[in-house]
Amino acid sequence: MSFNFPKINKKLENILIIGSGGRENSLAWAIQKNEIIKKIYLSPGNGGSEKFKKCKRIELDIIDKKDLINNLKILDIDLVVIGPEIPLAAGLGDYLRKNDFDVFGPNQDGARLEYSKSWAKEFMKKANIPTSNFWKIDSFEEAQKVINRSKDPLVVKADGLASGKGVFVPKSKDECLQATKTIFNGKFGESGQVVVLEEKIQGPEVSIFALCDGEKYVLLPTAQDHKRLNENDEGPNTGGMGAYSPTPLVTTNLLREITKDIIKPTIDELRRKNIDYRGVLYFGLMITQSGPKVIEYNCRFGDPECQTIMPLLDESFVTILQKCAMGNLTGNEKIGIANKVSGCVIATSKGYPHEYKTGLPIKIGNIDQTDCQIFDSGTFLSKSGELLTGGGRVLSIVCQDKNFDMVFKKAYKNLKEINFDGIYFRNDIGHQVRKNFTKRI
Ligand code: AMP
């Protein structure tokens with residue numbers, strides 16, 4: 001016999017967000033909009049985390065787990081949102097759940113989709129999810145054989161987490177061999193004990209985000225980001241130099257195809273593997289001539305796509321996060337999405353993604369506040385309260401408007417008002433969707 005218990009509305013007043021970047025600040029900003037929320041703690045947060053209503057920084061030790069649980073009880077936390085992949089891969093979600101906290105962020109088994117690229121590829125193969133061909137490689141000699149046999153240069157990836165730096169897209173077989181050697185020589189530590197070689201595929205990339213409760217999901221607006229450091233999408237890969245949302249590339253028909261061939265089979269395969277995935281599932285897709293293919297999964301919100309998407313969502317967002325954490329989605333939820341588009345430009349420190357200085361004073365002048373946000377990505381406050389640079393990516397400048405030309409006009413106008421020694425940003429973010437954009441030669 002089965003009982004249908006009524007769904008109980010749980011208290012949702014105090015939120016803890018784990019993480020320290022622009023992503024976490026934008027999540028806090030979107031969550032504070034809901035009037036039922038009383039307090040949002042960010043641990044550790046950064047120099048810009050307390051500028052939004054209800055937001056407070058707190059230093060919680062996530063390694064000393066007993067202490068963490070005590071603190072969460074004292075703070076009367078109703079929902080924990082885990083931002084970055086490292087604590088998810090380390091099993092922080094599992095531990096908090098075992099101690100009866102509602103957590104948005106998968107357990108370690110679900111995070112494996114991100115922390116092992118070979119596991120993710122095998123997962124896709126098993127579930128017939130479109131992705132490029134691949135080889136899981138344990139030694140340089142084995143890699144040599146595969147690389148020499150292949151017609152074109154292959155993409156080379158360290159299997160484990162490498163902060164987005166463990167992927168090489170070589171132009172020649174020599175570069176391929178070099179990249180494989182670099183990984184096996186220990187550049188990424190344990191993350192590089194296994195290498196994944198992949199057939200190189202081509203096409204524009206799009207980001208899809210599904211908020212999952214283990215069984216059902218709610219999709220967020222689509223996005224596209226710019227990974228390369230320099231204009232014209234040249235230079236080294238970075239964590240992301242800017243983004244825009246939604247992307248017109250993903251039409252209703254294409255989204256239907258992505259849902260049928262990729263999103264649903266992914267969720268079904270997770271369930272088949274008994275993985276109760278409660279958190280955001282990110283699909284990094286390439287739209288190839290033979291249809292959409294998965295480049296990678298992430299077990300967290302992408303940065304800067306998150307900063308770009310959050311301002312488009314209405315106040316129901318946090319209630320959906322709670323439902324996901326409780327495994328309680330009905331499948332009929334719809335987050336209200338503003339009838340606007342959004343764009344984000346990242347201001348970085350000179351030298352990023354390589355060596356850069358920190359501790360440089362940031363001056364912010366007269367900012368247009370209408371539908372504009374500045375989410376701090378890497379900043380800290382001096383003892384006297386002065387805002388200083390604290391990372392490679394320093395500030396996320398985000399704007400919304402009726403069209404992308406208006407969005408980026410405002411964003412770049414605001415950027416003129418922001419200064420720190422060595423500030424660098426791309427002027428061509430969103431070039432694909434800016435009608436008035438003219439390429440500088
Ligand atoms: P990943 O960290 O796996 O998303 O890879 C970083 C970037 O490398 C992607 O955003 C793509 O631009 C590129 N890339 C990764 N895998 C492939 C592939 N199989 N073919 C072509 N480009 C790829």
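Please compute the per residue accessible area over the chain with all protein chains in place, 1.4 Å probe, rounded to a whole number of Å².
On the way: 20540 Å² over 441 residues.
I get 47 Å² per residue for this part.
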The simple spin-label model distance between Lys65 and Gln144, using points 7 Å out along Cα→Cβ, in nm, is 4.4 nm
Rounding to the nearest 20 debye, state how big the charge dipole of the stretch 204-271 is about its Cα centre with +1 on each Lys and Arg Cβ and -1 on each Asp and Glu Cβ.
200 debye
Give the cross-link partners of Lys334 among the lysines, using a straight C-alpha distance below 22 Å as the criterion and excluding same-chain residues fewer than 8 apart.
Lys7, Lys10, Lys11, Lys33, Lys216, Lys260, Lys264, Lys323, Lys402
Of the chain, which part is the longest with no trypsin sites (Lys or Arg not before Pro) in a loop (DSSP not H, G, I, E, B) and with at most 12 other C-beta atoms within 10 angstrom?
172-333
Give the lysines whose C-alpha is closer than 19 Å to that of Lys187, dropping any in the same chain fewer than 8 places away, or say none.
Lys117, Lys136, Lys157, Lys165
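Give me the percent relative contact order of the chain, please, defined on Cα pairs under 8 angstrom at least 6 residues apart. The partial results should precede the final answer.
Details: 991 pairs, mean separation 71.7, N = 441.
Relative CO of the chain lands at 16 percent.
Counting helices only, and only those DSSP H runs with n ≥ 4, report the 222 nm mean residue ellipticity of the chain as the sum of -39,500 (n - 2.57) divided by its residues, in deg cm²/dmol to the nearest 500.
Values: 13 runs with 118 residues, N = 441.
Helix-only estimate at 222 nm: -7500 deg cm²/dmol.
Got a number for carbon plus sulfur as a percent of the chain's accessible area, 1.4 Å probe?
Numbers: 9850 of 20540 Å².
Using a 1.4 Å probe with all protein chains present, the chain comes out at 48 percent carbon and sulfur.
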Residue span Asp109 to Gln202: 0.36 nm per residue of separation minus Cα-Cα distance leaves a gain in nm of 30.5 nm
Which of Ser43, Ser20, Ser191 is most accessible, then next, and so on - probe 1.4 Å
Ser20, Ser191, Ser43
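Loop only per DSSP, at most 16 neighbouring Cβ atoms within 10 Å: give me the GluC sites (Glu not before Pro) in the stretch 54-154, ordered by residue number. Mind showing how you got there, number by number?
Details: sites: Glu59, Glu85, Glu114, Glu122, Glu141, Glu142; in loops: Glu59.
Here the sparse-neighbourhood loop sites are Glu59.
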Lys, Arg +1 and Asp, Glu -1 on Cβ, resulting dipole of the chain about Cα centre, debye, nearest 20
500 debye
Candidate cut points under GluC sites (Glu not before Pro) in the stretch 305-397, DSSP loop plus at most 15 other Cβ atoms within 10 Å of their own Cβ, are Glu355, Glu386
List the lysines whose Cα sits under 16 Å from the Cα of Lys65, skipping any in the same chain fewer than 8 residues away.
Lys73, Lys98
Computed lengthening from Glu50 to Ile74, 0.36 nm per intervening residue step minus Cα-Cα distance
6.6 nm
Give me the extension gain from Asn403 to Lys264: residue separation times 0.36 nm, minus the current Cα-Cα distance, reported in nm with one decimal.
46.9 nm
Just want the answer: with Cβ charges of +1 for Lys and Arg and -1 for Asp and Glu, which residue in Ile201, Phe188, Cys212 is farthest toward the dipole's positive end in the chain?
Ile201
Between Asp233 and Lys171, what is the spin-label point distance in nm, taking each point 7 Å from the Cα along the Cα→C-beta axis?
1.6 nm
Calculate the spin-label point distance for Thr330 paired with Arg272, positioning each point 7 Å from the Cα along the beta-carbon direction, and give it in nanometres.
3.1 nm
Note down the relative contact order for the stretch 319-441 as a percent, whole number, built from C-alpha pairs under 8 angstrom at least six residues apart.
31 percent
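The values are calculated or read from the model by the stated rules, or taken from the named source; none is laboratory data. As the structure is a computational prediction, the values presented were derived from the model and not from experiment. For neighbour counting, all protein chains shown are included, and Cβ atoms are generated from backbone atoms with ideal geometry for every residue, glycine included. Accessible surface is based on the protein model in full, side chains and every heavy atom, while ligands, DNA and RNA are left aside. Shrake-Rupley method; radii C 1.70, N 1.55, O 1.52, S 1.80 Å.
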